[in-house]
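J.: Handing you this structure, nothing more for now.
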Amino acid sequence: MADTLEFNEIYQEVKGSMNDGRLRLSRQGVIFKNSKTGKVDNIQASELAEGVWRRVALGHGLKLLTKNGHVYKYDGFRESEFDKLSDFFKAHYRLELAEKDLCVKGWNWGTVRFGGQLLSFDIGEQPVFEIPLSNVSQCTTGKNEVTLEFHQNDDAEVSLMEVRFYVPPTQEDGVDPVEAFAQNVLSKADVIQATGDAICIFRELQCLTPRGRYDIRIYPTFLHLHGKTFDYKIPYTTVLRLFLLPHKDQRQMFFVISLDPPIKQGQTRYHFLILLFSKDEDISLTLNMNEEEVEKRFEGRLTKNMSGSLYEMVSRVMKALVNRKITVPGNFQGHSGAQCITCSYKASSGLLYPLERGFIYVHKPPVHIRFDEISFVNFARGTTTTRSFDFEIETKQGTQYTFSSIEREEYGKLFDFVNAKKLNIKNRGLKEGMKQSYDEYADSDEDQHDAYLERMKEEGKIREENANDSSDGSGEETDESFNPGEEDDDVAEEFDSNASASSSSGGGDSDRDEKKPAKKAKIVKDRKPRKKQLESKKGKDPNAPKRPMSAYMLWLNASREKIKSDHPGISITDLSKKAGELWKAMSKEKKEEWDRKAEDARRDYEKAMKEYSVGSKSESSKAERSKKKKKKQEKPPKGKVEKKGASKSLSSSKSPAKNTSESFKSKEFVSSDESSSGESKKE
């Protein structure tokens, strides 16, 4: 028989994950080399206590138990290799390789056996599953129930984190089966044990997540939360970050501990431990260590006797033991002066804290988002009211967080903060758009020079002048076609002249016919000044001198290129803001220089306007004379007008019994009537 056996593509089961490698059996023992990590496990032949051959998911497997209680599992064998392995174990290890089949009935009621570091759940004589107790991180008991929690395995895609066992009550006096079960687990499990006295204890602290009052016992390597119902042991190695956040009311403080992996309560996971303190609450603290030990361990960060605010003592002790910095809010200040913003997240109201490197929301549920995780942020209008807006954050992983019901007064502060942190804003430019409807959003002082407003005014004047220039080329008909009221006035005007002629010649019209034309004439009279205003507005000369620029605008035109070169890539809005700041900070002497230039420009403008007004008067008088000439030429002969009036009175006298509404005739109807009356006369 060969002295060694070698097997390739064998899988070793470690904490629920399967690591492939090579297995070698020799006279001296069993050696397994991991293909991925190169790690070698060596089991001496003298340590082997039992060998079991069984059918598993990946073919067949070999389970080895050592005398000190360790269990090793190797899968991936073929069924034909059993005889070879069995003979090898007999010859070199003097062990019988036993065959045991797993129970596949699917029952969940059975017997628990503790053997070494292994918990085996059996139905009859067949095992259903086995749990290495070295993988257990926490064991908690309840009424007739024991819960086992396991260490998280980062190498496995899916990890078993918790198993619950129901333990029925027994009639034996003095023995609690639940406690006996838990003690068997704890004796072999890798559970944090409270050995020795606590360094210090904080009594009855208010905890928001998990909710309740807890005693916090500080041990050298872990934190023990002891409540009425639940106990939590938190190793300091699982603490990621510490936050100390002032409440908006300035009377309370939040102390937040970020955990990974989180603490568990049933199906609930708590990634954050949040404590709430009152600023007025003080404490005197004495550490359960002598002064030399305190000095040696904490190097001056803590002293044996300390006193101060409760939140300061807790945060100071935690900082020294965890050895991590405490994050506090940065330079951000909201509209009310607080370092946070009141908002809602998932229908619960809370506080959003803009930090130097991220955002944190407390408290239900707590959320911490780092700036390097953020893909973009978005400012959205409130869905139910215009008095608030929503702040949306989308991460690079595609997760979206929406913080709603933020008061609109906070908009300016939050926008400036996000802009300063150079976060990608999805709807950039919304701030300018919202200024018109949300005046409170703006974060500028009225006394401060607003460069952006000045620029907008100048652009508005240019647009108005361009619009006037373009309107001069088109006739009056185009403008009137957009105003149906004025068209009616024109028709009424023509009708009024005809109506007066008919009334003077006929003399037999009713009072109603006389009243209506008079009423129309009044309306036309009121409309005439408006028409004159429109005509004067249209008649603005594009050759008129341009208005002079202010001192600031003269300086801005001269300095624009310099500001752009000093701040490459600056936007138009930011350039205007920067210019406003530079102008405000400019000395009085330099401003006076630009004031003089503006005054010179104003004088030149007034001089040009005088010359322009003299020239325009002479041109307008010439135009008026030519208009009068044209009117005289277009005026019809006197006799023709009288004939029209006679014919009209004749037609009106012919039909006295007709409805009064027929007396109001359109231009076309009147002309056709005239022609018919003329023809009858000829006959």
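J.: For the condition modelled with pLDDT of 85 or more, assigned to a strand (DSSP E or B) and either under 16 Å from Arg24 (Cβ atoms) or not assigned by the TED database to the domain that holds Leu133 (or both), what is the one hit in Leu85, Leu95, Leu64?
T.: Leu64
J.: Follow-up question, since we're still on this one. Does segment 50-101 hold any residues that are in contact with a Pro (Cβ under 8 Å, 6 or more places away or on another chain) and surrounded by fewer than 15 Cβ atoms within 10 Å (Cβ to Cβ), and which are they?
T.: Residue satisfying the conditions is Lys100 alone.
J.: Still on this structure, please answer the following. Taking segment 285-311 as the search range and keeping residues that are closer than 22 Å to Arg241 by Cα and of a type in the set (A, V, I, L, M, F, W, C), which one is nearest to the chain's Cα centre (by Cα)?
T.: Result: Leu310.
J.: I would also like to ask the following. I need the full set of residues from segment 607-618 which are surrounded by 11 or more Cβ atoms within 10 Å (Cβ to Cβ) and either among the aromatic types (Phe, Trp, Tyr) or at pLDDT below 70 (or both), in order please.
T.: Tyr612, Ser616 - these are the residues of segment 607-618 that are surrounded by 11 or more Cβ atoms within 10 Å (Cβ to Cβ) and either among the aromatic types (Phe, Trp, Tyr) or at pLDDT below 70 (or both).
J.: I would also like to ask the following. For segment 210-236, how many residues meet the condition of being open to solvent by 40 Å² or more (accessible area, probe 1.4 Å) and either in contact (Cβ under 8 Å) with a residue 12 or more places away in the chain or of a type in the set (Gly, Ala, Ser) (or both)?
T.: 10
J.: Of all residues in segment 224-236, how many are of a type outside the set (A, V, I, L, M, F, W, C) and in a strand (DSSP E or B)?
T.: 6
J.: Moving to a separate point now. Would you pick out the residues in segment 329-341 that are closer than 18 Å to Val256 by Cα and open to solvent by less than 50 Å² (accessible area, probe 1.4 Å)?
T.: Those that are closer than 18 Å to Val256 by Cα and open to solvent by less than 50 Å² (accessible area, probe 1.4 Å): Pro329, Gly330, Cys340, Ile341.
J.: Can you report the number of residues in segment 34-59 which are at pLDDT 85 or above and closer than 17 Å to Glu6 by Cβ?
T.: 3
J.: Here is a further query. Would you point out the residue of segment 237-248, among those that are in a strand (DSSP E or B) and not hydrophobic (A, V, I, L, M, F, W, C), that is least open to solvent (accessible area, probe 1.4 Å)?
T.: So, considering only residues that are in a strand (DSSP E or B) and not hydrophobic (A, V, I, L, M, F, W, C), the one least open to solvent (accessible area, probe 1.4 Å) is Pro246.
J.: Which one is least open to solvent (accessible area, probe 1.4 Å), of the residues in segment 289-304 that are assigned to a loop (DSSP other than H, G, I, E, B) and not polar (S, T, N, Q)?
T.: Leu302
J.: Of everything in segment 109-123, what is modelled with pLDDT of 85 or more, assigned to a loop (DSSP other than H, G, I, E, B) and not aromatic (Phe, Trp, Tyr)? Give them in sequence order.
T.: Gly110
J.: Ile326 fails exactly one of the following numbered conditions: (1) open to solvent by 20 Å² or more (accessible area, probe 1.4 Å); (2) free of Cβ contacts under 8 Å to residues at least 40 places away in the same chain. What is the number of that condition?
T.: Ile326 satisfies all of (1) open to solvent by 20 Å² or more (accessible area, probe 1.4 Å); (2) free of Cβ contacts under 8 Å to residues at least 40 places away in the same chain except (2).
J.: Quick test for you: out of Ser315, Ser307, Ser284, Ser278, pick the one residue that is out of contact with any helix residue (DSSP H, G or I) (no Cβ under 7 Å at 6 or more places or on another chain), open to solvent by less than 20 Å² (accessible area, probe 1.4 Å) and either without any contact (Cβ under 8 Å) to a residue 24 or more places away in the chain or more than 15 Å from Leu225 (Cβ to Cβ) (or both).
T.: Going through Ser315, Ser307, Ser284, Ser278 in turn, the sole match is Ser315.
J.: Here is a follow-up. Name the residue, out of Leu148, Leu160, Leu208, that is at pLDDT 85 or above, outside the structural domain of Ser309 (by the TED database) and either over 30 Å from Met313 (Cα atoms) or part of a strand (DSSP E or B) (or both).
T.: Leu148
J.: Taking the conditions exactly as written (of a type outside the set (Val, Ile, Thr), open to solvent by 40 Å² or more (accessible area, probe 1.4 Å), at pLDDT 90 or above and not assigned by the TED database to the domain that holds Val314), does Arg370 satisfy them or not?
T.: So Arg370 passes the test.
J.: A follow-up question, please. Considering only residues that are open to solvent by less than 40 Å² (accessible area, probe 1.4 Å) and not in a strand (DSSP E or B), look in segment 28-49 and name the one that is nearest to Ala98 (Cα to Cα).
T.: Here the answer is Ala45.
The values are calculated or read from the model by the stated rules, or taken from the named source; none is laboratory data. Keep in mind it's a predicted model, so treat the numbers as computed, not measured. Ideal geometry is used to build each Cβ from the backbone, glycine not excepted, and the neighbour counts take in all protein chains shown. Ligands, DNA and RNA are excluded from the accessible area calculation, which covers all protein heavy atoms including side chains. Shrake-Rupley method; radii C 1.70, N 1.55, O 1.52, S 1.80 Å.
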